[in-house]
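Below: one structure, written as structure tokens.
The values are calculated or read from the model by the stated rules, or taken from the named source; none is laboratory data. Everything numeric in this text was worked out from a predicted model, so none of it was measured. Positions of Cβ are generated from backbone atoms using ideal geometry, with glycine treated the same way; all protein chains shown enter the neighbour counts.
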Amino acid sequence: MLRCYLLSTTLLLLIAVPTRADEGWQAGIAKRNITPSESMWMAGYGSRDHPSQGKLTDLWAKALVLRDAAGKHAVLITLDLVGIDRELATAISDQIQAKHQLDRSQIAICCSHTHTGPALKNNLAPLHYLIVAPEQQRKIETYQQQLQASVIDAVDSAFADQQPAKLSWGSGKATFATNRRENRPEGNVPQWRREDKLKGPVDHDVPVLAVRDSKDQLVGVVFGYACHATVLGIYSWSGDYPGFACAALEASHPDAIAMFWAGCGADQNPLPRRTVELAKHYGQRLASAVDAVLMTVQMQAVTPTLTTRFREIDLPLATLPLRDEIEANSRSTNQWEVARATMLLDQLDRGQALPQTYPYAVGSWKMGDQVDMVFLGGEVVVDYALRLKSELRGTQSWIAGYANDVMAYIPSRRVLREGGYEGGTSMVYYGLPAHWSPEIERHIVDEVHRQVD
């Protein structure tokens, strides 16, 4: 009897091991079109005064599923959207977790931050809270349901598509991102660039992850860049320069899907801007930077091991406004201030106190011993990328913003002290009741170190 028990236990142990350590990566990749099928309200700019008109390019949801040699999965989702809110990100993640037996740390949702995509219900809500007609609000809610279904469908297809794969990484350069706090659009940016007189911190790195099948055929390429997707201010659907970059790469590599994640570019703009030709130009420059890595750089192989982490930390706000202050703001001549005040008063009238902190999402993946990828929520200024890369592993540390939840601008302590749009006034457009506390940079950086170190 004892001998049979030992034999059965051995068999169970053998069955429980999903794969051998030398089997390498498996990967699956898929995409779904998320371009709205009808005219609806657009996101990104407070000056919008009517719904969309036509389409310049399609918008996409893309999913990459990775499995390491021990059988652990990670799912990267990229969206051609200005941002995604915590509630929607949680609904998508919960569904993926339940269907594919994952935990929250194994899922990352990144947005390109295009300003020519559709509005969502809770992202930048003050921009459409009061001025958008009920019919348009219903379209926003319907689109959001369709978006969630499309994302889940892309993830399911990527899981079904898993095949043996090889991962490699490299880093390139693209120089069109410009610090918009130091170099105003009304200035002569082209001349300053020519004379090397542009000011302010920038991050021109272009991290590249190549996914190749067992025959060395490129099937996926993931890349990032720290710059606002604000070349265009038109009323036509468009992925802006990241969309054109992905399209150019997929044209050059027809068997591959290109996925873009936005870096810490909250204070970075593509300058000059505002023409379709420039959007295409910057997209081609970014695609060329990626291609240069794929074709001319000796990329480093990524060892098939995955470590994933995720945590929401309590990010503190500064002093909260009193009710009479909010009521005074509700009579402001600034319609966005009125919209935020109305939202806050509605919350108070429902018996809900204004929160002193926000549950801020920080995630990280360690891919092999080669790459640390950090996922930060919100519109993160470039100081975070520069600091974290100097404290971690340089170009081997990839710092994504606009990930998992885009709830506000995330200024560094320097930018918060200097003030301005990124330092505080932008909070109106996101609906948060106060500026951030000066301590937020310490909280975020400490959490990244806890996860990555």
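Here Thr308 does not fit the description of being over 22 Å from Asn404 (Cβ atoms) and of a type outside the set (A, V, I, L, M). Screening region 159-180 for residues that are assigned to a strand (DSSP E or B) and either outside the structural domain of Cys264 (by TED's automatic domain parsing) or among the polar types (S, T, N, Q) (or both) and picking the one that is surrounded by the fewest Cβ atoms within 10 Å (Cβ to Cβ) gives Gln163. Do we have Tyr143 as in a helix (DSSP H, G or I) and hydroxyl-bearing (Ser, Thr, Tyr) here? So Tyr143 fits the description; yes.
Scanning region 59-78 for residues that are touching a helix residue (DSSP H, G or I) at 6+ places or on another chain (Cβ under 8 Å) and not hydrophobic (A, V, I, L, M, F, W, C) yields a total of 3. All conditions but one from (1) touching a residue at least 60 places away in the same chain (Cβ under 8 Å); (2) under 30 Å from Pro126 (Cα atoms); (3) out of contact with any Asp or Glu (no Cβ under 9 Å at 6 or more places or on another chain) apply to Ala328; the one that does not is (1).
Inspect region 361-372 for any residue being over 12 Å from the mean Cα position of the chain (by Cα), at pLDDT 95 or above, closer than 21 Å to His115 by Cβ and not basic (Lys, Arg) and give the result as yes or no. Taking every residue of region 361-372 in turn, none turns out to be over 12 Å from the mean Cα position of the chain (by Cα), at pLDDT 95 or above, closer than 21 Å to His115 by Cβ and not basic (Lys, Arg). Residues in region 351-380 that are crowded, with 23+ Cβ neighbours inside 10 Å and of a type in the set (Phe, Trp, Tyr): Tyr360, Trp365, Phe375. Checking each residue in region 181-199 for being more than 23 Å from Glu422 (Cα to Cα) and either in contact (Cβ under 8 Å) with a residue 60 or more places away in the chain or part of a loop (DSSP other than H, G, I, E, B) (or both) picks out Pro190, Glu195, Asp196. Val75 falls short on exactly one of the conditions (1) modelled with pLDDT of 95 or more; (2) in contact with a Phe, Trp or Tyr (Cβ under 6 Å, 6 or more places away or on another chain); (3) not polar (S, T, N, Q), and that condition is (2). Taking strands (runs of 3 or more DSSP E) as the structural unit, those lying wholly within region 247-328 and holding at least 1 residues that are under 24 Å from Arg181 (Cα atoms) correspond to 257-262, 268-270.
Inside region 80-102, can you point out the residues that are in contact (Cβ under 8 Å) with a residue 40 or more places away in the chain, among the charged types (D, E, K, R) and out of contact with any strand residue (DSSP E or B) (no Cβ under 6 Å at 6 or more places or on another chain)? If the condition is that a residue be in contact (Cβ under 8 Å) with a residue 40 or more places away in the chain, among the charged types (D, E, K, R) and out of contact with any strand residue (DSSP E or B) (no Cβ under 6 Å at 6 or more places or on another chain), then Asp85, Arg86, Lys99 are the ones that fit. Scanning region 134-155 for residues that are surrounded by fewer than 18 Cβ atoms within 10 Å (Cβ to Cβ) and either touching a helix residue (DSSP H, G or I) at 6+ places or on another chain (Cβ under 9 Å) or β-branched (Val, Ile, Thr) (or both) gives Thr142, Gln148. For region 72-91, does any single residue satisfy the condition of being surrounded by 24 or more Cβ atoms within 10 Å (Cβ to Cβ), over 25 Å from Tyr360 (Cα atoms) and out of contact with any His (no Cβ under 9 Å at 6 or more places or on another chain)? Within region 72-91 (the criterion being surrounded by 24 or more Cβ atoms within 10 Å (Cβ to Cβ), over 25 Å from Tyr360 (Cα atoms) and out of contact with any His (no Cβ under 9 Å at 6 or more places or on another chain)), the answer is no, since none of the residues qualifies. The residues listed here are Phe244, Phe223; of these, the one that is assigned to a helix (DSSP H, G or I) and at pLDDT 95 or above is Phe244.
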